[in-house]
1. Residue by residue through segment 59-77, note down the ones that are buried (at least 17 other Cβ atoms within 10 Å of the Cβ), closer than 23 Å to ILE19 by Cβ and not aliphatic (A, V, I, L, M).
2. So which of ALA129, ALA168 ends up being free of Cβ contacts under 8 Å to residues at least 60 places away in the same chain and of a type in the set (Gly, Ala, Ser)?
3. Condition (residue is more than 26 Å from ARG119 (Cα to Cα), in contact (Cβ under 8 Å) with a residue 24 or more places away in the chain and surrounded by 13 or more Cβ atoms within 10 Å (Cβ to Cβ)) applied to segment 184-201: is it met by at least one residue?
4. Which residue is surrounded by the fewest Cβ atoms within 10 Å (Cβ to Cβ), if the candidates are limited to segment 260-284 and must be over 25 Å from the mean Cα position of the chain (by Cα) and in a helix (DSSP H, G or I)?
5. Is there any pair linking a residue in segment 249-278 that is closer than 10 Å to LEU314 by Cβ and without any contact (Cβ under 8 Å) to a residue 40 or more places away in the chain to one that is loosely packed, with under 13 Cβ neighbours inside 10 Å and not hydroxyl-bearing (Ser, Thr, Tyr), with Cβ under 7 Å and at least six apart or on different chains, and which?
6. Got at least one residue in segment 133-144 being surrounded by fewer than 22 Cβ atoms within 10 Å (Cβ to Cβ), in the same structural domain as GLY174 (by TED's automatic domain parsing), within 20 Å of ARG176 (Cα to Cα) and not small (Gly, Ala, Ser)?
7. Among the listed residues SER12, SER3, SER28, identify the single one that is on the phi < 0 side of the Ramachandran plot, modelled with pLDDT of 95 or more and out of contact with any His (no Cβ under 6 Å at 6 or more places or on another chain).
8. In this structure, does SER317 turn out to be at pLDDT 90 or above, farther than 16 Å from LEU88 by Cα and crowded, with 21+ Cβ neighbours inside 10 Å?
Amino acid sequence: MASRTWEHLPDSKLLDWRICDLGLQLESSPVAKRVDELMGELELAGLRFRPYVWLSTDWFTPDALTGFAIPFYLAHPRLIRLERRQMLEIEGGTRVECMKIMRHEAAHALDNAYHLRRRKRWRETFGKAGEPYASAYTPDPTSRDHVQNLSYWYSQSHPLEDWAETVAVWLQPGSRWRSRYMDWPALRKLEFVDELMGEIAQMPQKLRTRAREEPLSSVKLTLGEYYERKKHVYSDESSPALDGQLARVFALPERAGRRTKASVFLRKSRTDLVRHVSSATGQHRYLLDHVVSEMIERCRFKDLRISGATRDALLGSAIVLTSLSSQFMYGAHPKYNR
């Protein structure tokens, strides 16, 4: 095992370390007990299936494999702190969120193990698994056709994600899905999953693999390079509608006179805006922070000013931030890559 001298390094030095040299092991990591908890839930549900799990660069379940990957940063408290400083939040950092994501990934692995998407009733219930992921999707928060597990109504992004989210809700102990989703069209999907799980519960797997895609030993990136690429996912796009939306909230100097500059107002409100919009939408905080940064820059360039009450400007800014950030949504959401 590699020396753990990196544990006490400042971020500037730690970012120079290659991920493959960190010496991380899933079995001795804090997240191992979450994996054990998942296996216990599968047993409690009466399922014979057990996915295998490995550390990699993100959450994902490769097609045709019966296991899934967990991001390496969850394997050590020092790396969790680095992730938070670099990305502003920890995906899977709490027990509740970690278990939600693991149930979701286990559902993908289960699908692979039993070739479930090939079944006629699966297709009738969830749609065509081979349907391309849309380049973007705009979720409907009021929809009752889909369950709610991961943030940003992820079940609406693709039939395979709808399946995984439905299984995740079904698998969660004490979820009381029958009463929670009573009178929802989504209940039909949960009842199908319940029936299907009863059928395959003790069946041997049709596919059993042990391959691991992108294991840590193969990741030669430094932590600095890793975060540079990760941030690029959230900040590679810009919105052509930015100026138009900002103009609905703020005013040009000739209308607002010498009132507070919008750029100054947004800088002061930045933390609260990101926190509140992230809480309301489930959007990643780094993405939101990036969008606020663009809003600040455009307001500074256009010399926009607050034209009304501060509370109105704050509400308008939150609406613009929510709208703009939704344009960064990808079918293969960067938070839960498959």
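1. To start, the set of residues in segment 59-77 that are buried (at least 17 other Cβ atoms within 10 Å of the Cβ) comprises 59-62, 65-76.
From what is left, the residues that are closer than 23 Å to ILE19 by Cβ are 59-62, 65, 67-76.
Selection gives TRP59, PHE60, THR61, PRO62, GLY67, PHE68, PRO71, PHE72, TYR73, HIS76.
2. ALA129
3. Taking segment 184-201 first, the residues more than 26 Å from ARG119 (Cα to Cα) are none.
No, because not a single residue in segment 184-201 is more than 26 Å from ARG119 (Cα to Cα), in contact (Cβ under 8 Å) with a residue 24 or more places away in the chain and surrounded by 13 or more Cβ atoms within 10 Å (Cβ to Cβ).
4. LYS268
5. none
6. The answer is yes; a qualifying residue exists.
7. Numbers: SER3 fails: modelled with pLDDT of 95 or more; SER28 fails: modelled with pLDDT of 95 or more.
The unique qualifying residue is SER12.
8. Taking the combined requirement at face value, the residue satisfies it.
The values are calculated or read from the model by the stated rules, or taken from the named source; none is laboratory data. All values reported here derive from a predicted model rather than from experimental measurement. Reconstructed Cβ throughout: ideal geometry from the backbone, glycine too, with neighbour counts over all protein chains shown.
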